[in-house]
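Notes follow once the structure below has been shown.
The values are calculated or read from the model by the stated rules, or taken from the named source; none is laboratory data. Model, not experiment: these values are computed from the prediction. Here Cβ is always computed from backbone atoms with ideal geometry, including for glycine, and neighbour counts include all displayed protein chains.
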Amino acid sequence: MDILKTEKVCFDIHNIRLCNDISITVKKGAFTGIIGPNGSGKSTFLKQVYGVLKPTSGVIFLHGEDISGLSNRKRAENMGVLAQENFTEFPFNVEEVTAMGRSMYHTLFQGENDTDRAIVSAVLQQVNMEDKRKQCYATLSGGEKQRVLLVYINARQYKIVKHEYLKGNLYRQVFVGFDSNSSVAVFESLDCIGIINCKNYELHFLDEDAPIVNVGDDVEKGLLSILTQKNDKCRLIVMEKPFIKIASTNFISKDSFLLQDRNKLFLGTSNKISAIEILN
């Protein structure tokens, strides 16, 4: 799947062409480098990709959508930017800076909720910054600041909303989550959840009509976990890839989230985080 695609992107300023017919494709899970001498237009091109500059001509697609038609909020939900150097000295601690990554999910005067706090805690643990959560951001080393800004981006919990294999009744924006090696996609349909084998396009449907919150997986053991929530009714489903359901449980919670580390699930509710180990 193409996460990012540009077609003949050009940028002119004062009749001087800084970027000329740049076409690239970035696949899901890929690390793509853009190299060139100073002044060759690398930063100018990237600023067009994340919306600071508008191309003079050409088109930029994010998950198959022309970014010129995306709102700033929608762009922020799907794209994060981590600069090589950041000179902003936030007057906040590590936990507060990380929590800012959740801001696009709330209205102007809406505060953070238990789900936000649980996700912030989880992503800080992922980069070993949990013990510095109350430390002032400005007092961190350069490397530590980079890690905080990285989890600030990760706290957004990106959703992919388009996939080339999905057809038929899926003309609305839906959640699509992929396993770690992009071999299986899980997506919302109108009244069920679909699972597709991305290698042979075999399709299977689960009789579940609630929106998907998160998807996790264990590549080594072939496990796939799906968390859904409709109003306060939550459901955790565990499957052996690609289509065999081995366990499920229902619970009531205003908020929920799921993170998976191999065969261990971290299930968050409004008032606690539970660790669940899958034995097989």
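Points worth noting:
- Residue in region 242-265 that is in a loop (DSSP other than H, G, I, E, B), farther than 21 Å from N197 by Cβ, among the basic types (K, R) and modelled with pLDDT under 85 present: yes
So that you can scan it fast, the table gives a plain yes or no per residue for (1) over 16 Å from the mean Cα position of the chain (by Cα); (2) in a helix (DSSP H, G or I); (3) assigned by TED's automatic domain parsing to the domain that holds E7; (4) closer than 30 Å to V184 by Cβ:
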| position | (1), (2), (3), (4) |
| --- | --- |
| G29 | no, no, yes, yes |
| G33 | yes, no, yes, yes |
| P37 | yes, no, yes, no |
| S40 | yes, no, yes, no |
| K47 | yes, yes, yes, no |
| G51 | yes, no, yes, no |
| K54 | yes, no, yes, no |
| I60 | yes, no, yes, yes |
| S68 | yes, yes, yes, no |
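- Qualifying positions in region 203-240 - in contact with a Cys (Cβ under 8 Å, 6 or more places away or on another chain) and either buried (at least 21 other Cβ atoms within 10 Å of the Cβ) or part of a strand (DSSP E or B) (or both): F205, L206, V213, L227, T228
- Every residue from region 159-189 that is at pLDDT below 70 and farther than 28 Å from A76 by Cβ: K167, G168, N169
- Looking only at region 216-235, residues that are touching a strand residue (DSSP E or B) at 6+ places or on another chain (Cβ under 6 Å), without any contact (Cβ under 8 Å) to a residue 40 or more places away in the chain and at negative phi come to 5 in all.
- Test: residue in region 11-23 that is surrounded by 15 or more Cβ atoms within 10 Å (Cβ to Cβ), closer than 30 Å to G177 by Cα and modelled with pLDDT of 90 or more: yes
- Looking across region 241-280, the residues that are of a type outside the set (S, T, Y), closer than 22 Å to D207 by Cα and loosely packed, with under 15 Cβ neighbours inside 10 Å come down to I244, K245, I246, A247, N250, F251, I252.
- Single condition N128 does not satisfy, out of (1) assigned to a helix (DSSP H, G or I); (2) touching a Lys or Arg at 6+ places or on another chain (Cβ under 9 Å); (3) over 19 Å from Q229 (Cβ atoms); (4) modelled with pLDDT under 75: (1)
- In region 188-211 there is at least one residue matching the filter, namely being out of contact with any Asp or Glu (no Cβ under 8 Å at 6 or more places or on another chain), farther than 22 Å from S121 by Cα and of a type in the set (G, A, S).
- When A83 is tested against the conditions (1) modelled with pLDDT of 85 or more; (2) in contact with a helix residue (DSSP H, G or I) (Cβ under 9 Å, 6 or more places away or on another chain), the lone failure is (1).
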